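Contents: one structure, followed by commentary.
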Amino acid sequence: MKPPEAVESFRSGTVALVGRPNVGKSTLFNRMVGQKVSITSAKPQTTRHRISGILTTGAAQAVFVDTPGFQIRQGGALNRVLNRTVVRTLEGVDLVLVVVEAGRVRAEDRRVFSLLPGAVPAILVVNKADQLPEKARMVPFLQAAAKEHDFAAIVPVSARTGRNVAELVRALVGRLPEQPPIYAADALTDRSEQFLAAELVREKLFRSVGDEVPYGSTVVVEKFEQDGKLRRIHAAIVVEKAGHKAIVIGRAGEKLKAIATAARLDMEKLFGGKVYLEVWVKVRKGWSDDEAKLRQLGYEHA
Ligand SMILES: Nc1nc2c(ncn2[C@@H]2O[C@H](COP(=O)(O)OP(=O)(O)OP(=O)(O)O)[C@@H](O)[C@H]2O)c(=O)[nH]1
Ligand SMILES: [Mg+2]
């Protein structure tokens, strides 16, 4: 049994990561959680769903909540739904990490600052510090950023190299309320293996095709069966156009095969067991601009 004073001083709470697309929120999220739970890619708007990742230490539990990149070039229904996910997430958390890229605060960043609820403390995380290694450039940037909003702290990090991430975790844990843990000590995420499987296929798709296809594509897991340690998964990549289907399949099916193999290897690592994965491609014209279709495809704020 734990001594009573240890129980009393335990801190826990929810910590949202928000920011414009592509600043490295999910890379930082995975780094803090200690495992790859949220998918990442060089393409903007990789994250499309709210997902929790849990870090538990002897003294604290931080429930990180990754969100889609908030974007101001409002396109169709998908963009609207993703922005809604960000705003809804901000409503119920204990702390916010606002992630920007080292270098310059942009109009899109300012739009995110304007969403921050006044009652919730926000830490400004200046990511990709590795891209701005000279102090002579970093210091004035941090000073300018401090004037943008009433941040509880400003912490430069590199999610890619891990630099200063432990300091960030220390700073955020100190701002969580004193209360018992929310999840079991060994919990990793609030999402199902079925959800994670669909996301891993989408990550490999995003990473292996050009800029045109990803925005108009999504992934659904149509069958997920567990047979002892073997998981049998059928996933469908849904695209907007027949031309996109041809790109995803590739010459002699090579591209689709590579996507499926890479996704399967990640699943086997994450789930700790063998995976039999089948992936095919379907054309569903107009899915990304139709809220009813988005709902059917698993978009929670459609
Ligand atoms: N140089 C550098 N690149 C980084 C760092 N963190 C993330 N990246 C890269 O930035 C790109 C975007 O990373 P993500 O983590 O997917 O960004 P995100 O903010 O979650 O993006 P969305 O989900 O699309 O909003 C990827 O190519 C990452 O490898 C960093 O600290 N340094
Ligand atoms: Mg992301």
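Below are the figures for this structure:
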read-out	value
Those residues of the stretch 94-115 which are over 19 Å from Leu132 (Cβ atoms) and either open to solvent by 20 Å² or more (accessible area, probe 1.4 Å) or more than 19 Å from the chain's Cα centre (by Cα) (or both), in sequence order	Asp94, Ala107, Arg110, Arg111, Ser114, Leu115
Any strands (runs of 3 or more DSSP E) falling wholly within the stretch 206-302 and containing at least 2 residues that are within 19 Å of Gln45 (Cβ to Cβ)	218-227, 230-239
Some residue of the stretch 119-131 being under 21 Å from the mean Cα position of the chain (by Cα), more than 15 Å from ligand 1 (Cβ to nearest atom) and either of a type in the set (Phe, Trp, Tyr) or not in a loop (DSSP other than H, G, I, E, B) (or both)	yes
Test for Arg111: is it more than 12 Å from ligand 2 (Cβ to nearest atom), closer than 30 Å to Asp289 by Cβ and charged (D, E, K, R)	yes
Members of the stretch 156-176 that are near ligand 1 (Cβ under 10 Å from one of its atoms) and farther than 23 Å from Gln143 by Cα	Arg160, Thr161
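Residue-by-condition table, conditions (1) more than 19 Å from Leu116 (Cα to Cα); (2) in contact (Cβ under 8 Å) with a residue 60 or more places away in the chain; (3) touching a Cys at 6+ places or on another chain (Cβ under 6 Å):
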position	(1), (2), (3)
Leu17	no, yes, no
Gly34	yes, no, no
Arg50	no, yes, no
Gln61	yes, yes, no
Phe64	no, no, no
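The values are calculated or read from the model by the stated rules, or taken from the named source; none is laboratory data. Fair warning: this is a prediction, and the values are worked out from it, not measured in the lab. Ideal geometry is used to build each Cβ from the backbone, glycine not excepted, and the neighbour counts take in all protein chains shown. Areas reflect the complete protein model, heavy atoms only, side chains present, ligands, DNA and RNA absent. Shrake-Rupley method; radii C 1.70, N 1.55, O 1.52, S 1.80 Å.
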